[in-house]
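Only one structure is covered here, and it is reproduced in the block below.
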Amino acid sequence: MGLKQKLHTLKEKYKGKKMAPAFNALHTFLYLPNETTHGGTHIKAADDLKRTMNTVILALVPCLIFGIFNAGYQHYAALDNTLRAAPLANFFTWDNFWLGCMTVLPLVIVSYVVGLAVEFLFAVIKGHEVEEGYLVTGMLVPLIVPVDIPLWMLAVAVIFGVVIGKEVFGGTGMNILNPALTIRAFLFFAYPTWMSGDKVWVHGAAERAQEIANGANVDAISGETILGSYAQNQEVVYSLSDMFWGFIPGSVGETSKILIILGAAILIFTKIGSWRIIFSTLIGALTMGLIFNGVVNMGWIGESSNFYGLMSVPFWQHLIIGSILFGAVYMATDPVTASQTNKGKWIYGFLIGLISILIRVFNPAYPEGVFLAILLMNVFAPTIDHYVLQGNIKKRMKRLKVKTA
Amino acid sequence: MSKDIKIKKGLDIRLKGVAEKTLSNAPRSRTFAIRPSDFHLVKPKMVVKEGGKLKAGDTVFYSKEHEAIKFVSPVSGTLTKIERGAKRVILRIVIEADTQDEYADFGTLDAGTADAEAIKNRLLEAGCWPFIQQRPYAVIADPETAPRDIFISAHATAPLAADYDFTLQGKEKELQAAVTALSKLTEGKIHVGVGKNGKSPLEGLNGVELHKVSGPHPSGNVGTLIGKIAPVNRGETVWTITPQDLVIMGELFLTGKFNAERIIALAGSSVKAPKYYKTKIGSEVSTFIYDSGLNEENVRVISGNVLSGTEISPKGYLGYYDDVVTVIPEGDDYEFFGWNKPIFNKVSASRALTFSWMQPNKKYELDTNTNGEHRAFVVTGNYEEVFPLDIYPLQTLKACMVQDLDQMEALGMYEVAPEDFALTEFICVSKQPHQQIIRNGLDIMYKEIG
């Protein structure tokens with residue numbers, strides 16, 4: 001009697017019991033179930049929700065691995081600035097990897113353990129199967145937080161995000177807001193000092209600042225992000241190629257633009273991510289960037305202005321600064337919270353891009369607006385769909401009128 | 001005159017076990033059966049009791065709602081059993097066949113000179129009316145309502161479907177008689193869709209508007225034909241008839257007999273020698289399945305195609321409307337890490353480690369496994385890739401699920417039948433029962449509005 005048979009016997013035993021969803025979640029993780037079609041089509045395509053979610057996770061793995069190295073690299077580079085002269089040579093080292101694992105992996109583990117625990121709990125209470133939505137959310141969360149975020153904070157935020165962002169609406173497929181971004185929004189508004197500024201993006205920066213405050217005679221570790229520098233009209237210390245390859249401080253998984261583009265390629269090729277949303281978001285961002293460049297060129301705004309720094313950034317550079325690319329590829333494309341019509345997706349994405357850059361430039365307190373823009377458009381996505389549907393409905397009405405007239 | 005209709009959105013599901021184009025006579029079935037569930041929403045009112053004698057064409061029961069619609073016996077014999085289920089619903093009416101058929105004689109009728117009323121009455125009394133389906137609601141047509149147009153699709157694109165060009169060979173006379181008769185019943189046109197490649201017996205018909213159809217499935221669905229030519233508006237009715245049923249109608253006019261003979265395709269990867277059989281409506285499918293032989297024991301027998309056919313037992317009976325019997329392996333087994341390993345032997349509309357896109361012409365041996373569990377709707381935009389109608393499929397399904405009648409009407413429910421949602425159901429990542437959802441939606445509309 002093999003494992004397959006044993007598990008099957010167990011499944012039959014647990015059938016109808018309270019813990020059945022929990023058991024089934026683990027069982028179906030190992031084995032595609034033996035369920036057959038009844039009524040409707042007798043055959044079904046190979047894809048299920050697990051496979052879909054798994055593809056997104058695969059697309060995220062390069063960002064995670066890079067993020068692990070980058071966590072170590074930023075820490076050591078902050079201590080020894082000469083490392084930055086040759087980032088590639090000093091990047092993929094065991095030291096970086098080890099330190100990265102020690103800081104990033106706990107985030108991944110906390111995110112998954114806490115989030116899945118909540119999911120299982122709700123599945124058992126509500127008596128439905130454990131849906132796979134959290135598999136992706138759990139991977140996204142560690143990639144969009146600062147590396148040094150305390151684990152308890154992350155745990156609290158995950159519980160909040162999963163319960164309020166998703167379960168109260170009925171679970172996977174029913175939520176209005178993107179759960180990963182709800183978690184990030186919770187962190188940002190509940191613990192703002194841990195989510196912005198120049199001390200959170202590099203491992204050890206905050207502790208070092210504390211030591212200095214206590215009178216230790218050491219160099220401060222500063223990890224100002226590019227957006228932070230721009231917002232304060234300071235000189236940006238990183239080169240464009242560093243920004244593109246990702247050798248810069250930032251949230252764990254969002255720094256490497258090339259790997260995000262790779263992820264986008266995977267999502268678009270596998271037909272899992274919507275290319276419409278990805279491209280329209282980028283077009284929206286470029287449009288807003290061009291508008292601001294125009295404002296600067298027209299001389300409507302002086303160098304003394306608070307907004308001059310970010311407004312004068314060449315429009316295309318907005319795409320490699322901050323998290324707009326990560327947001328466009330992995331966040332805006334969440335099918336549940338995005339517009340669900342193809343036409344709507346163009347509008348939805350375009351507005352996300354537009355508003356992202358708008359907030360980025362005009363919000364002095366917090367120089368990154370991508371997550372706010374996406375959450376805002378999550379709320380408006382049903383409205384967009386409503387008007388797209390009205391177009392179809394009107395066409396049908398018109399056809400009827402022509403007939404009867 | 002022919003107008004070309006080209007479909008881009010869709011998906012051809014290529015399966016192993018295409019019926020070879022040779023025709024055999026199936027052994028005569030000992031018993032025949034009529035399943036009232038084949039006639040959606042019809043409440044049968046029995047005319048003949050158990051033990052009663054029937055000729056082929058004699059009324060067995062009629063519809064409680066429209067008493068004029070009669071359902072007749074496909075063979076002559078003795079009604080041996082009325083099988084009932086819960087609440088005494090009739091599941092199956094079994095007729096033990098005589099060795100030789102004796103036909104009820106309705107008399108010939110020249111379709112060219114007869115008037116509409118005579119034609120209608122003949123179709124009703126001789127049991128040919130149930131072959132006429134109507135939209136909206138995808139039910140048997142209401143005899144009191146004249147249709148705006150009549151649509152016939154003679155281009156079968158469903159997986160393993162019987163090829164009309166083969167099964168209708170030599171039936172031009174019957175087809176013409178039926179079409180001529182039907183043209184009296186509508187002020188509009190009779191639209192006929194035929195495959196762009198191939199020689200259809202329907203191409204030479206007079207009095208029809210011919211359309212050459214090409215593209216992937218569901219280009220052959222009559223719903224697609226309607227959608228591309230003239231969608232159904234609120235308050236309008238159109239009729240649809242399948243070509244193999246036209247033949248029976250035509251024969252009725254020409255000979256005065258209800259001849260339930262039908263050429264069916266026996267197909268599917270579990271069938272040893274898939275080919276065409278000449279049989280009758282309501283025969284035991286075992287008469288030809290065991291003639292051809294099966295490759296395996298654990299199989300699903302389907303009366304109809306794999307997308308919208310009915311599951312029957314291997315001892316079951318051919319459905320009233322079906323011209324294909326498909327036998328495929330059951331998929332009631334677990335698959336280790338089936339959800340994340342690369343998949344080469346199944347069809348997929350995505351490329352998520354599924355590789356059917358690399359071999360568009362490969363033929364697959366699909367089983368009945370659901371390949372995943374039922375989930376809430378999550379993925380968007382994938383249904384539209386295989387859905388050629390100008391309708392928003394996901395939103396329509398959701399409107400049906402919440403029974404929002406206004407929204408259902410506005411989104412175009414009058415235009416669709418469940419089979420139009422077969423492909424979206426096939427590719428659905430959340431394994432939602434689309435056809436059932438649409439069926440329930442149509443039923444509630446029929447009850448509340450129709």
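Shown in residue order for region B:149-160 are the 3J(HN,Hα) couplings computed by the Karplus curve 6.51 cos²θ - 1.76 cosθ + 1.60 at θ = phi - 60°: 8, 10, 10, 10, 10, 10, 10, 8, 10, 4, x, 6 Hz (x for Gly and Pro). Under a 5 Å amide H cut-off, with hydrogens placed 1.01 Å from N, B:VAL18 pairs with B:GLY268 among residues at least 5 apart or on other chains. Residue by residue along A:24-31, Cβ atoms of other protein chains within 10 Å of the local Cβ number 3 on average. Counting every C-alpha pair in chain B, the share spaced more than 32 angstrom apart comes to 37%. Here region A:46-273 is described by how far its Cα atoms reach on the three principal axes: 59, 42, 34 Å, from widest to narrowest. Near the amide H of B:VAL325, within less than 5 Å, lie the amide hydrogens of B:ALA265, B:LEU266, B:ALA267, B:GLY304, all on another chain or at least 5 residues away, with H placed in the peptide plane.
Checking every one of the GluC sites (Glu not before Pro) in region B:390-450 against DSSP loop status and a limit of 15 other Cβ atoms within 10 Å picks out no site at all.
A Stokes-Einstein calculation at 25 °C with viscosity 0.890 mPa s, built on the Kirkwood radius of region B:151-202 over Cα pairs, returns a diffusion coefficient of 205 µm²/s. For region B:284-354, the list of trypsin sites (Lys or Arg not before Pro) that fall in a loop by DSSP and count at most 14 other C-beta atoms within 10 angstrom reads B:LYS315.
Among the trypsin sites (Lys or Arg not before Pro) within region A:1-41, those in coil by DSSP and having at most 12 neighbouring Cβ atoms inside 10 Å are A:LYS15, A:LYS17, A:LYS18. Our coupling estimate for region B:70-83, obtained by passing each phi through the Karplus curve with A = 6.51, B = -1.76, C = 1.60 and θ = phi - 60°, is 9, 10, 10, 6, x, 9, 9, x, 10, 6, 9, 7, 10, 7 Hz, Gly and Pro reported as x. Rounded to the nearest 500, the helix-only mean residue ellipticity at 222 nm of the protein assembly as shown stands at -12500 deg cm²/dmol, with each DSSP H run of n ≥ 4 adding -39,500 (n - 2.57). Inter-label distance, A:MET174 to B:LEU23: 5.6 nm, where each label sits 7 Å from its Cα along the C-beta direction. FRET efficiency for the pair A:ALA86 and A:GLN317, taken as 1/(1 + (r/R0)^6) with r the Cβ-Cβ distance and R0 = 22 Å, rounds to 0.40. Give the separation of the Cα centroids, region B:329-380 to region A:340-405, in Å. Between the Cα centres of region B:329-380 and region A:340-405 lies a distance of 33 Å. The overall shape of chain A, judged from the alpha-carbon gyration tensor, is oblate: a/c is not under 1.5, and a/b is no greater than b/c.
Computed from the C-beta positions of B:GLU117 and B:LYS173 and an R0 of 22 Å, the FRET efficiency is 0.35 to the nearest 0.05.
With a ≥ b ≥ c taken as the square roots of the eigenvalues of the C-alpha gyration tensor of region B:1-88, please select rounded if a/c is under 1.5 and otherwise prolate if a/b is larger than b/c or oblate if it is not? Note, shape of region B:1-88 comes out prolate. With the Kirkwood sum run over all distinct C-alpha pairs, region B:370-448 has a hydrodynamic radius of 12.6 Å. The mean count of C-beta atoms from other chains within 10 Å of the C-beta of residues in A:391-403, rounded to a whole number, is 4. Size descriptors for the protein assembly as shown: radius of gyration and Dmax over Cα atoms are 32.3, 113 Å.
Take every Cα pair under 8 Å whose residues are at least 6 apart in sequence, average their separation, divide by the length of chain A, and the relative contact order is 15 percent. For the residue pairs A:LYS18/A:LYS126; B:LYS49/B:LYS81; A:LYS345/A:LYS394; B:LYS173/B:LYS199; B:LYS8/B:LYS196, the C-alpha atoms sit more than 18 angstrom apart in A:LYS345/A:LYS394.
Sorting A:324-337, B:55-68 by average packing, meaning the other beta carbons within 10 Å per residue, from highest down gives A:324-337, B:55-68.
Taking a ≥ b ≥ c as the square roots of the eigenvalues of the Cα gyration tensor, region A:220-377 is oblate, since a/c reaches 1.5 or more and a/b is not larger than b/c. Legend: calculated FRET efficiency, B:ASN197 to B:GLU384, from the Cβ-Cβ distance at R0 = 30 Å, rounded to 0.05, equals 0.65.
Residues of region B:128-170 with amide nitrogen under 14 Å from the 7 Å Cα-to-Cβ point of B:LYS64? What the label zone holds, given the 14 Å backbone N cut-off, is no residue at all.
The mean count of C-beta atoms from other chains within 10 Å of the C-beta of residues in B:426-434, rounded to a whole number, is 6.
Coordinate-derived values only; no laboratory data. All of these numbers come straight from a predicted model, not from anything done at the bench. Please note: Cβ atoms are built from the backbone with ideal geometry, for glycine as well, and neighbour counts cover all protein chains shown.
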